[in-house]
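Undergrad: Below: one structure in structure tokens.
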Amino acid sequence: MSKFKHWQLEREADGIAWVILDTADSSTNTLGAEVMTELGLLLDECEQNPPQGLIFRSAKEAGFIAGANIEEFVSSDTPEKARALIRRGWDTYNRLAAVPYPTLALVRGHCMGGGTELALACRYRIAVDEPGTKFALPEVMLGIVPGWGGMLRLPQLVGPAAALDMMLTGRNIDAKRAKKIGLADECVPPRVMENAARMLLLSGQPPRQARLPFLQKLMNGLLKGMVASGARKQVAKRARPEHYPAPYAIIDQWQNYGGNTLAVPAGEPTSLDALVSHPTTRNLIRVFFLQDRLKSFGKGVENFAPRHVHIVGAGVMGGDIAAWCVLRGMTVTLQDQGVERIAPAVGRAATFLEKKLRDRKLARFALDRLIVDPNGDGVRQADVIIEAIFENLAAKQALFADIEARARPDALIASNTSSLKLADIAAKFRNPARLVGIHFFNPVMMMPLVEVVAGECTSPEVAQRAAAFVRGIDKLPLPVRDAPGFLVNAVLAPYMHEAMKCVDEGIAPETIDAAMVAFGMPMGPIELADTVGLDVAVAAGRQLVGDADPPRRLVELVGAGHLGRKSGQGFYTWVDGKAQKSGVGAGDTAALAQRLLKPLLAATQRLVQDGVVADAELADAGVIFGTGFAPYTGGPMNYLNSGEH
């Protein structure tokens, strides 16, 4: 019996030792204080009785290591406590990196934050080639830095360009990509992973960083300042230092302090002390827990494992939902009025899959799961059926009458409607309890949120199954009540309406958009209106703002057939999918931003009061993940309560 609560140390006859992490009372491995203390004790034991080599692996099906225990970081609410937490990981991993025997991390499944830093402290890394294997240093997304050695070791291993890209974006990389950039020494299939680990461990091969090209070594040395300057310019394009200090701290700590966050003087703006006390850090950690809450809505549904999705409507929305479901391993039958209407969606899916999978053979195999189905034969076999046709009540009612008659009794039947009441669509159902709303946002590939709409008659079990399906395709389900615009469109409509009123007053679209991008939005409201379509904006204004006097310029543009991006002309001229802007928009735009935010904030408050979402936290989650509302604020309701507006 192991003397450790969270780790197992297993020694083989040839001297190889396996260190297996199995965090107690948890479905995932996290690196809390107890786990890290035991790791130190385990290294003590190996110091007294050194193995021929040491291999780290996980006992969890969920993955390798999910990272540090975020709850512990939240409780480290003073600079002193935060420093103690960072020092524990920094010292332990430095000790691991210095052991005289070879060490290897066998990574299967997610490897995040402190997990990646543990792997970096080993001499070798093997990535197991399966879809769930992902490496990331996502600390920047919590407003903090990879303080357990990531900023020191990753640039030494893969070069500063690839390392800074990972650390400054928080993006994950898969097993093949990890091998390509040099984060993993090998990428192997599961069936050979243990033998591959043994062979590499005892190979005597020098650590990868010793084999870095001369230019990479220069960029880690003499050219460090130039690399850091370029990285700051790139970060400045998407994040202001007063809103998001963490990426600037990562660059500074790598450039000037050897990646050691503990070495930065407390008074510096890039110090750990400054980050811990910054409101952005508190708000981004809040957003992390909001995301976890959304994920929880997809749990606890038994005997529901959908594999076949049938989608009716092969337009941009329906086609992109189909491509996303295929990427997530589903078989999809795609229905529309003729093969010629479905073909463009298949073409877009092929391009998307090749880009995402980075492998033509894998993309082709995935595309084989997208089946052209003009007659709708897939309805009879489908586990999930999603309607994504144009917004016409009579057309949807007629379609669903046919679907309900042919679908399996246990099939989930959903509408992607964005503007019609679910109760009205369900009025002609024999069993209206079966209909649920599964409302995706455009572009489907980019937007993480999906609203799960419960109509007046929708059964709670059906709504739960819909949330489970959404989570199963790696989206975030938000339960909302059946009300005009649900949550996201209902807060966006008055915001975009106010922006277009500003245009009527003579304020340049570029100035309006610049004001909101400066506030922290990913895109300004005028560009957003052009992107979703000005005809859609007119309809949304009529329905969601109750506007008897719509913005003049909007009416003129729609009357002239200028519908925004899809027609090539709207408030902006569009070339190759990009808005052509004059560059106007400099100056103090803070007051303008507050004017534009006012109707959005008021709408969010009203929707919470009306019970469209269950509470203010879910409203914040929905508006952040559904619109890109500036995450550093913690969401619109949190922003209102902060008194900063």
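Undergrad: Taking strands (runs of 3 or more DSSP E) that fall entirely within the range 346-436, which contain at least 3 residues that are closer than 24 Å to V532 by Cα?
TA: Numbers: elements: 370-372, 384-387, 412-415.
By residue number, no strands (runs of 3 or more DSSP E) qualify.
Undergrad: State all residues of the range 515-549 that are assigned to a helix (DSSP H, G or I) and over 21 Å from G577 (Cα atoms); if no residue qualifies, say none. Show your work before the answer.
TA: Residues of the range 515-549 assigned to a helix (DSSP H, G or I): 515-519, 525-532, 534-545.
Result: A515, A518, F519, V538, A539, A540, G541, R542, Q543, L544, V545.
Undergrad: Also, quick follow-up: Which condition number in (1) in a loop (DSSP other than H, G, I, E, B); (2) under 24 Å from A466 (Cβ atoms); (3) modelled with pLDDT of 95 or more is the one that G319 fails?
TA: (1)
Undergrad: Can you name the residue in the range 485-511 that is in contact with a helix residue (DSSP H, G or I) (Cβ under 6 Å, 6 or more places away or on another chain) and part of a loop (DSSP other than H, G, I, E, B) and is also farthest from A603 (Cα to Cα) among such residues?
TA: G485
Undergrad: I've got another one for you. Filter the range 452-463 down to the residues that are without any contact (Cβ under 8 Å) to a residue 60 or more places away in the chain and hydrophobic (A, V, I, L, M, F, W, C), then identify the one that is surrounded by the fewest Cβ atoms within 10 Å (Cβ to Cβ).
TA: Going through the range 452-463, the residues without any contact (Cβ under 8 Å) to a residue 60 or more places away in the chain turn out to be 453-463.
Checking which are hydrophobic (A, V, I, L, M, F, W, C) leaves us with 453-454, 457, 462-463.
On the way: V453: 29, A454: 20, C457: 17, V462: 20, A463: 21.
My answer is C457.
Undergrad: Moving to a separate point now. If a residue must be over 16 Å from I385 (Cβ atoms) and outside any strand (DSSP E or B), how many such residues does the range 437-454 contain? Steps first, please.
TA: To start, the set of residues in the range 437-454 that are over 16 Å from I385 (Cβ atoms) comprises 441-449, 451, 454.
If we keep only those that are outside any strand (DSSP E or B) as well, we get 441-448.
Of the residues in the range 437-454, 8 are over 16 Å from I385 (Cβ atoms) and outside any strand (DSSP E or B).
Undergrad: Residues that are modelled with pLDDT of 95 or more and either buried (at least 19 other Cβ atoms within 10 Å of the Cβ) or touching a Phe, Trp or Tyr at 6+ places or on another chain (Cβ under 6 Å) (or both): does the range 208-227 have at least one?
TA: First, pick out the residues of the range 208-227 that are modelled with pLDDT of 95 or more: none.
Checking the range 208-227: not a single residue is modelled with pLDDT of 95 or more and either buried (at least 19 other Cβ atoms within 10 Å of the Cβ) or touching a Phe, Trp or Tyr at 6+ places or on another chain (Cβ under 6 Å) (or both).
Undergrad: Next question. Which residues, counting only those in the range 351-361, are in contact with a Lys or Arg (Cβ under 9 Å, 6 or more places away or on another chain) and surrounded by fewer than 16 Cβ atoms within 10 Å (Cβ to Cβ)?
TA: Kept after step one, since they are in contact with a Lys or Arg (Cβ under 9 Å, 6 or more places away or on another chain), are these residues of the range 351-361: 353-354, 358-359.
Across the range 351-361, the qualifying residues are R358, D359.
Undergrad: A further question on this structure: From the set of residues in the range 464-482 that are crowded, with 22+ Cβ neighbours inside 10 Å and assigned to a helix (DSSP H, G or I), which is nearest to the chain's Cα centre (by Cα)?
TA: By that ranking, first place goes to V470.
Undergrad: All but one of (1) of a type outside the set (F, W, Y); (2) touching a helix residue (DSSP H, G or I) at 6+ places or on another chain (Cβ under 8 Å); (3) part of a helix (DSSP H, G or I); (4) buried (at least 21 other Cβ atoms within 10 Å of the Cβ) hold for R87; which doesn't?
TA: (4)
Undergrad: Would you pick out the residues in the range 123-159 that are of a type in the set (V, I, T) and over 18 Å from A184 (Cα atoms)?
TA: Start the filter on the range 123-159 by keeping residues that are of a type in the set (V, I, T), which leaves 126, 128, 133, 140, 144-145, 158.
Within the range 123-159, V140, I144, V145 qualify.
Undergrad: I'm told E340 meets every condition in (1) within 16 Å of V384 (Cα to Cα); (2) among the acidic types (D, E); (3) exposed (fewer than 15 other Cβ atoms within 10 Å of the Cβ) except one. Can you identify the failing condition by its number?
TA: E340 satisfies every listed condition except (1).
Undergrad: A further question follows. Residues that are aromatic (F, W, Y) and under 30 Å from Q464 (Cα atoms), at least 2 per element: which helices (runs of 4 or more DSSP H) completely within the range 187-296 meet that?
TA: Details: elements: 193-201, 214-219, 224-236, 245-257, 272-277, 279-296.
By residue number, 279-296.
Undergrad: Still on this structure: Please go through the range 285-339 and pick out each residue that is in the same structural domain as R358 (by TED's automatic domain parsing), out of contact with any helix residue (DSSP H, G or I) (no Cβ under 8 Å at 6 or more places or on another chain) and hydroxyl-bearing (S, T, Y).
TA: Listed by number, the list holds a single entry, T331.
Undergrad: Filter the range 72-85 for residues that are of a type in the set (D, E) and touching a residue at least 12 places away in the same chain (Cβ under 8 Å); which is nearest to D174 (Cα to Cα)? Write out each step before concluding.
TA: We begin by selecting, within the range 72-85, every residue of a type in the set (D, E); these are 72, 77, 80.
Restricting the remaining residues to those that are touching a residue at least 12 places away in the same chain (Cβ under 8 Å) gives 72, 77.
Working: E72: 28, D77: 33 Å.
Filtering first and then ranking leaves E72.
Undergrad: Turning to a different aspect of this structure: With respect to Y93, is the statement that it is without any contact (Cβ under 8 Å) to a residue 60 or more places away in the chain, surrounded by fewer than 21 Cβ atoms within 10 Å (Cβ to Cβ), in contact with a Gly (Cβ under 6 Å, 6 or more places away or on another chain) and not hydrophobic (A, V, I, L, M, F, W, C) true? First the steps, then the outcome.
TA: Numbers: without any contact (Cβ under 8 Å) to a residue 60 or more places away in the chain: yes; surrounded by fewer than 21 Cβ atoms within 10 Å (Cβ to Cβ): no; in contact with a Gly (Cβ under 6 Å, 6 or more places away or on another chain): yes; not hydrophobic (A, V, I, L, M, F, W, C): yes.
Spelling it out, it is not the case that Y93 is without any contact (Cβ under 8 Å) to a residue 60 or more places away in the chain, surrounded by fewer than 21 Cβ atoms within 10 Å (Cβ to Cβ), in contact with a Gly (Cβ under 6 Å, 6 or more places away or on another chain) and not hydrophobic (A, V, I, L, M, F, W, C).
Rundown of residues vs (1) surrounded by fewer than 18 Cβ atoms within 10 Å (Cβ to Cβ); (2) out of contact with any helix residue (DSSP H, G or I) (no Cβ under 6 Å at 6 or more places or on another chain); (3) within 30 Å of L476 (Cβ to Cβ), yes/no style:
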{"residue": "K581", "(1), (2), (3)": "yes, no, no"}
{"residue": "Q605", "(1), (2), (3)": "yes, yes, yes"}
{"residue": "I624", "(1), (2), (3)": "no, no, yes"}
{"residue": "E644", "(1), (2), (3)": "yes, yes, yes"}
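Undergrad: Taking the condition of being more than 19 Å from the chain's Cα centre (by Cα), assigned to a helix (DSSP H, G or I) and buried (at least 21 other Cβ atoms within 10 Å of the Cβ), how many residues in the range 159-176 meet it? Before you say what the answer is, go through the steps one by one.
TA: Filtering the range 159-176 for residues more than 19 Å from the chain's Cα centre (by Cα) gives 159-163, 176.
Within this subset, residues satisfying the condition of being assigned to a helix (DSSP H, G or I) are 160-163, 176.
With buried (at least 21 other Cβ atoms within 10 Å of the Cβ) added as a condition, the list becomes 160, 163.
Count: 2.
Undergrad: Inspect the range 428-451 for any residue being crowded, with 21+ Cβ neighbours inside 10 Å, more than 25 Å from R606 (Cβ to Cβ) and more than 25 Å from the chain's Cα centre (by Cα) and give the result as yes or no.
TA: yes
Undergrad: Scan the range 58-66 and give yes if some residue there is assigned to a strand (DSSP E or B), touching a residue at least 40 places away in the same chain (Cβ under 8 Å), touching a His at 6+ places or on another chain (Cβ under 9 Å) and surrounded by 21 or more Cβ atoms within 10 Å (Cβ to Cβ), otherwise no. Talk me through it step by step, then tell me what you get.
TA: Step one: of the range 58-66, the residues assigned to a strand (DSSP E or B) are 58, 63-65.
Those still in the list that are touching a residue at least 40 places away in the same chain (Cβ under 8 Å) too: 58, 63-65.
Next cut, touching a His at 6+ places or on another chain (Cβ under 9 Å) only: 63-65.
Applying the additional criterion that residues be surrounded by 21 or more Cβ atoms within 10 Å (Cβ to Cβ) yields 64-65.
The answer is yes, given that some residue of the range 58-66 is assigned to a strand (DSSP E or B), touching a residue at least 40 places away in the same chain (Cβ under 8 Å), touching a His at 6+ places or on another chain (Cβ under 9 Å) and surrounded by 21 or more Cβ atoms within 10 Å (Cβ to Cβ).
The values are calculated or read from the model by the stated rules, or taken from the named source; none is laboratory data. Keep in mind it's a predicted model, so treat the numbers as computed, not measured. Neighbour counts are summed over all protein chains in view; Cβ atoms, including those assigned to glycine, are modelled from backbone coordinates with ideal geometry.
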